[in-house]
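Okay, structure first, notes after.
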Amino acid sequence: MRRPGTSDHNADFGGGSQPTSCAQSAGTGGGAVPPLPHQPTAPGWSGTCTFATAGTYTLHCDMHPFMTGTIVVGNAPAPPGWSTTSQTTTSPSTSTPTASTSTTPTPTTTTTSPGQPHQPAGPAIHAIVLAGVQHGLVVHGSLSISAAARGGRLQVQLFAAGHRRAGSHARRALPAGDVRFAVALNAATRRALRRRGRLALTVAIAVSWGKGARTSVTRHVWMEADRGSTAGRDSPGPAGGLAQAAGG
């Protein structure tokens, strides 16, 4: 994995499936990997990641959340436009991150417009709606739960740059149908948002049901400070969240 260009970048797998191991072989930086490097780093870094478990792995740049990629390993279903292959390295490009190996052509990452449903996300989830730019202190979204996952558990986790936790919420006994969620930023993230005015967040959504069945999806949003709001407005709790059913 080598990062060309002029800006700082890294490859962060967020709250979803993680590589078996990663190693940075060149460049500055420190800290545990992944993310690789641990923080966005200037050009000159390189490294490798190993994937020993079949599945679909999503990655993004912590400094540029719109730069995303997907790695398909083994027998996992390939996204539209990809060829199924076992992959062991990633190589994001300057403008459009991609995943590649030495034995297959580089596939093209498929992206969707913010706020539009992503279908399908897995056997438990029919669609996810999550605006790419949101305002205030709460991340809002919705998803459609399949009948097979009725009674399961929803977990939504927010991560800021450097894989720092920014908020979380969990809910049990999910109904089938549309479920809206709203996850408040924790105190540290609220302070950072007020200082900077804009923050990039990773939203890790997981639904588990039955005997060990689980579907996880990772999305990315920009949070912008609402200058006209007070500290307590639009926040369901000091560091918590809420989710509510919108259908059954």
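Some notes on this structure:
- Check on Gly141, at pLDDT 90 or above and assigned to a loop (DSSP other than H, G, I, E, B): no
- Taking segment 1-28 as the range and being at pLDDT below 85, among the small types (Gly, Ala, Ser) and surrounded by 20 or more Cβ atoms within 10 Å (Cβ to Cβ) as the test, the residues that pass are Gly14, Gly15.
- Any chance Asp62 is touching a helix residue (DSSP H, G or I) at 6+ places or on another chain (Cβ under 6 Å), modelled with pLDDT under 85 and either closer than 21 Å to Ala160 by Cα or not acidic (Asp, Glu) (or both): yes
- Leu201 out of contact with any Lys or Arg (no Cβ under 6 Å at 6 or more places or on another chain), in a strand (DSSP E or B), of a type in the set (A, V, I, L, M) and modelled with pLDDT under 80: no
- Of the residues making up segment 172-185, not a single one is modelled with pLDDT under 90, surrounded by 17 or more Cβ atoms within 10 Å (Cβ to Cβ) and of a type in the set (Phe, Trp, Tyr).
- Of the set (1) small (Gly, Ala, Ser); (2) on the phi < 0 side of the Ramachandran plot; (3) crowded, with 22+ Cβ neighbours inside 10 Å, all apply to Ala54 but (3).
- For Val133: the one exception among (1) surrounded by 16 or more Cβ atoms within 10 Å (Cβ to Cβ); (2) in contact with a Pro (Cβ under 9 Å, 6 or more places away or on another chain); (3) modelled with pLDDT of 90 or more: (1)
- Residue within segment 213-229 that is exposed (fewer than 15 other Cβ atoms within 10 Å of the Cβ), at positive phi and either at pLDDT below 95 or of a type outside the set (Val, Ile, Thr) (or both) present: no
- Residue check for Pro77: of a type outside the set (A, V, I, L, M), at pLDDT below 85 and either surrounded by fewer than 18 Cβ atoms within 10 Å (Cβ to Cβ) or farther than 19 Å from Ala161 by Cβ (or both): yes
The values are calculated or read from the model by the stated rules, or taken from the named source; none is laboratory data. Because the structure is a prediction, the values reported are computed rather than measured. Using ideal geometry, Cβ is built from the backbone for each residue, glycine included, and neighbour counts are taken over all protein chains shown.
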